[in-house]
Structure formats: C-alpha cells, structure tokens
Amino acid sequence: MTPTIVSLKDVTFAYQGSKRQALRGVSLDVKEGECVAILGPTGAGKSTLACVINGTVPRFIEGELTGDVVVDGQIPNEVGTAQMASRVGLVFGDPDTQLFGMTVEEDVAFGPANLGFDYHTIMERINRAMEDMRLKGLEQRAPHRLSGGQKQATAIAGVYAMLPKIMVLDEPTSMLDPAGKARVFSIIRDLNKSFGMTIILIEQEVDDILQLADRVFIMQSGKFVLGGTPREVFSKVDELKAVGIRVPNIVEFGNIIGADETPFLVEEAVSVVKRGAWTTEKNAVADEEASALSQADQPVSNITHDKMTPAVEAVNLEFRYPMGVKALDGVNLKIYPGEFVAIVGQNGAGKTTLTRHFNGLLRSSAGDIHLFGKSVLNEPTANLCSQVGYVFQNPDEQLFCDTVEDELRFGPLNIGMDKDRMEEAIRDILLDIGLDKYRQVWPRYLTKGERQRLALASVVAMEPEILIVDEPTTGLDWLESLQILDYLERLRREKDKTILIITHDMNIVSLYAKRVVVMANGQVVGEGTPREVFSQPKLMEQACLRRPAIADLSDTLWGEVLLTPHEAADRLLRLSRTNREVTGK
C-alpha cells in the first residue's frame, strides 16, 4: 500500500487578530507520488492550506492553528520551515514575494546552495531548471527587470532546482503565457510521473487539471465541498458553477447538449456528436444563450475605421531598456475609439512595454505616439493620465491611501476635477463595482479580487477616455474575472470608453475582445477578431498561444472555429434541425 506523505486531520486556522477562520476543519490525506489539485474561489483558504503544509503558518504567519498536521513524518510547526524546505517546496502565487537575488541565476541557485550541494550539482540543477522554464539568456538579468511571466517562471525554477519530495504550487501559472503554462504543467507531470514527486497544485486552470491530477478538491469558505477524481468532480456542473469554478469548455458543451456521458476531451466530445449520443431537450436555451455569449466577433459600430481618427496610435515605435534589451522593434498600431482590444502574446513579447508608452510611463527610443491624432511624445505623464488610464497587473503597486474612498479621490483631486462631480462619480463607481460597503476600509484588508476592482475604480474615477488594464484577471477566480470584464464592457458600451486589456486568458479573449492584437519579439505580428486569430495556427504558434478547447472541437467537427460552448451547441442544434427537415426524420 502506498504510504501517506501529507496528512491533515480536522485542521482549523484563524489569522492573528481575525475572528474569521481561514480553515475550518480541513482533513486531507495525500499519498506519496500523488498529484492533488485544489481549486476554489478567491478567499477560500487555498493559500493558507499551502502555508500550513510547509510550516510557514503559523511559524511566520501567526495565528491560531488546531488539528493535526504531519508531512513526510514531520510536524511542520515543530521542526520549522528551514527543516521542511528540503521536503516541501512552495511556489507562491505572487513571485515578488520570493525573488531577492541580484540576478536570475543567483535566485535559482539560492535553494540548491542552501541545501549544501556541491558546485557541479548546483550548476547542473540551475541549467536544467532554466532550460525547462524557458529562461535561457536571462541568467544575468535582474529579477526586477523581468516581465511578470518571467518572474513567475524564475520563482518556479528556484523551487524546481531543489527537487523536493513534495512540491506545493500556489497558482504557479497565473502570469504565464499559454505555452508557458503548458510547459509548466508538462514539467509537473514529469516530476510526478517520472520522478515520483508528490504534487499539491492550487490552480484556476481547469482544462489542464483534467489530465494532470489524480484527485481534485474544491474549497469554499475554508473547507472542502467537493472531492474525487477529475471526472467525478468536473461532471458536477451545477455544483461547480454554484461555487464559482469555471466549467471546462468540453464539459460545458457536453452538459448543454445533454450528452449521454460527460465528455472531458475533444476526442470524447467528437465521439458523442458523431454517435448522436446527445438529446435536444436539455439545450432548448442554446439558441438564446449562444447569441448572448458569442458577441466577440461583432463590430463596435457601422462606422468604418478608415474615416476615423485613432484614439491612440503607435508609429514605428522602438524602445530599449537601460541594460540594452530591445523590447519594441518598430511597432505600428492603431486603436480606434470605442474598441475593446485584447493584446496577447508570450511573456516578454513587449505588451506591457508598448501600452506604457500610451500614457507616458515609458518614453520611446524612436518613433512616435499619437493621441486622437496629436503627437504626445513629449507630453508630461501628469497631463496624459486624464485621457489614458492605466491599471497595473499588481493592484498593490497603485494602492496607498488609508481608505477605499480616499483611493478613488486621489486621482480626481490631482487632475483638478470639480468636487461635486468627483463625489458623484465616486458614489456611482463604488456602487457599480460592488465596493460601496467598504468605503472606510483600509484597502489592504480587501481580498485580491476586491483590490483589483479598487485599482480599476481608482483609475476610472479620473474619467479617462482610454482605459488600459494589464492582466485584469491574474490571481482571480472565474466569477471575479467575469465581474471585472463585465464592468469594462459596460464602460465601453455605456460610457463610450476605449478599452485595452493585456491578457493570457484566451477564454476571456473569446468572450469580450472585439479585436485581438498579437505580439511577438517586440513586434505586432498579427491582428483580427478572436475567430480570425484562432483560425491561424502558425500565428498562434509564433506567439506561444493556445486557443480554447472549444475552438479545437468545432474545427475538428465542422472545419470552423467557434468561440464558446454555447455557440458550438447552437451550431450542432441548428445542423440537427436542418438534417431532420431534409430527411423528414
């Protein structure tokens, strides 16, 4: 019988100074060599659980812990985090919390060096980790000069290089491009299957977990509410939606069409359709929901862009960072008023660097920036922020006031907005974005999703005509992601705002983007509607992108890229009706 390597019995934990229990009677046994995935909405207690397993809670993060915790025969709270490091490697969701070396190579070397390995072994571990995490060429780069995705890859590499018996990964792919995510999951699979490493994976990427995890547990409000094999858990569609977990594309499609057996892979869904192993009764709403959910390809208006002045335009834009890295190489791009544009591409492609030129956060090495037809190359950033609002990937980088209400006042006060107009705007925004009850709360007390909404609200309060949001869904659960994107779409539709998002989430692109700009190696290499971009495999490969599984399914079945499970179900239903009308059956 395979021994248990992680055992939690009736574990409860409350942070110091808090009456709310972050964990409530959690029990979990993980077998040696098993891969266990833990999912749940933001604030469910997943990260707290991870810190309990490696002893960070309660030795460094103080609070009241009860229950029994045994990891690899040790009690983490008694032996200490340093002793547990060789047994349990923990990758945090925020890479900045565990990067502190002067160079990437130094950061990756830190763990193996502190475990006492010889120089040859340390260099071997470094080279392997950096190769597998696609960090070659960045050895001497300072971590603070990396992109968000590169930082996350470095944090993973640092733990990976130690090859611990147990690896606990807290949303390790949230900042990575789709190809980077696939690479990390491939490495996790190899570590688990080839080396027998025990994996505890906290994730939001449900499609990958289907084929990776041996067991899946769903957390809500500090306790497990679902558990079992991936097929057992993900077949419970209604329960997953009630918790706020995104249902995998293929599973959702099977549920809509009333498949006899829930499909989990594209091949299984193809078989269901071709065998006719589905009913039309369950999908009577398919027509209506598909039309409501598949608007990404529809034009913003009937006005042709040829006669419009771009809201913002990059003209032969080039940029080099101080260390000589060329991040932009002759970028030409036009964004028109009222558009909802997603800028996508691999980590380090230049997406953030490009958009930070639009409001003067960065100044080009060559080329020009036009705002509504006028060059703003030498315009002070303070003058541009009222026209171009920028929301950073990490909300904590732009939250510094004592209350939520003061955060929203800061920007308008600094651009000289009329006081009555400001107060009215703040009141409306807080209601719209669901933060009205937190007016006097210190922002650091909010959840990650709430801080993300607050950062967005603080920029919206200045009433910019153009709104740029860098990775709006990083670290958020599916419901929070939809709330943020729904709000952005309302701003575009009701307030005539021009919206730009930088994202790695192709499901979000499918649902919201009207146009997709694809970047690679500091250049714009393609653009079009989501359907057009997803229909170009060479472009997708060049930019290290992966289209949603439903696009793969529809392409296989009908030779056409569809964007959502409802749209695919609608197509199947219409084809079925047409066939019945033709055959009379």
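In table form, for the structure just shown:
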{"item": "Taking 377, 572, 176 and counting other C-beta atoms within 10 Å, the order from fewest to most", "result": "377, 572, 176"}
{"item": "Hypothetical label at residue 321: residues of the range 341-358 whose amide nitrogen lies under 18 Å (7 Å Cα-Cβ projection)", "result": "345-358"}
{"item": "Gain upon complete extension [residue 309, residue 214; 0.36 nm per residue less C-alpha separation]", "result": "28.8 nm"}
{"item": "Loop-located chymotrypsin sites (Phe, Trp or Tyr not before Pro) in the range 384-483 whose Cβ has at most 12 other Cβ within 10 Å (DSSP)", "result": "400"}
{"item": "Karplus-derived 3J(HN,Hα), 6.51/-1.76/1.60, for each residue of the range 218-229, Hz, glycine and proline x", "result": "10, 9, 8, 6, x, 8, 7, 10, 8, x, x, 5"}
{"item": "Projected label distance in nm at residue 441 and residue 532, using a 7 Å step from Cα toward the beta-carbon", "result": "4.3 nm"}
{"item": "Within the range 152-188, backbone nitrogen closer than 19 Å to the virtual label 7 Å beyond the Cα of residue 123 toward Cβ", "result": "161-162"}
{"item": "Neighbour-limited loop hits for trypsin sites (Lys or Arg not before Pro), the range 112-177 (at most 16 other Cβ within 10 Å; DSSP other than H, G, I, E, B)", "result": "136"}
{"item": "The range 349-476, relative contact order in percent, only Cα pairs under 8 angstrom and at least six apart counted", "result": "34 percent"}
{"item": "P(r) of the chain over all Cα-Cα pairs, binned every 20 Å from zero, in whole percent", "result": "19, 52, 27, 1"}
{"item": "Cα gyration tensor shape of the range 465-510, rounded if a/c is under 1.5, else prolate or oblate by comparing a/b with b/c", "result": "prolate"}
{"item": "Neighbour-count order for 487, 512, 160, 15, fewest beta carbons within 10 angstrom listed first", "result": "15, 487, 512, 160"}
{"item": "Compactness relative to 2.2 N^0.38 Å, alpha carbon Rg of the range 357-408", "result": "1.38"}
{"item": "14 Å beta-carbon shell around residue 524, net charge (K/R +1, D/E -1)", "result": "-1"}
{"item": "Share, in percent, of DSSP beta bridges within the chain that are antiparallel, nearest 5", "result": "55 percent"}
{"item": "Computed FRET value (nearest 0.05) for residue 32 with residue 494, which takes r as the C-beta separation and R₀ as 56 Å", "result": "0.50"}
{"item": "Full-extension gain in nm, residue 79 to residue 275, via 0.36 nm per residue minus C-alpha separation", "result": "64.8 nm"}
{"item": "The range 1-72 - convex hull of alpha carbons, volume per residue in Å³", "result": "86 Å³"}
{"item": "Residue-span extension gain [residue 365 to residue 413] - 0.36 nm each, minus C-alpha spacing", "result": "14.1 nm"}
{"item": "Cα gyration tensor, the range 410-478 - rounded (a/c under 1.5), prolate or oblate", "result": "oblate"}
{"item": "Cα-based shape type of the range 441-581, given that a ≥ b ≥ c are square roots of the gyration tensor eigenvalues and the cut on a/c is 1.5", "result": "prolate"}
{"item": "Loop trypsin sites (Lys or Arg not before Pro), the range 1-102 (other Cβ atoms within 10 Å of the site Cβ: 12 or fewer; DSSP)", "result": "19, 20"}
{"item": "Calculated P(r) of the range 106-177 - Cα pairs past 13 Å, %", "result": "63 percent"}
{"item": "Environment charge of residue 271, counting only residues whose C-beta is closer than 12 Å and scoring Lys/Arg +1, Asp/Glu -1", "result": "-2"}
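We did not get these values from a lab; they are worked out from the coordinates using the rules stated. It should be emphasised that the depicted structure is a prediction, and the values quoted were computed from it without experimental measurement. Backbone-built Cβ (ideal geometry, glycine too); neighbour counts: all protein chains shown.
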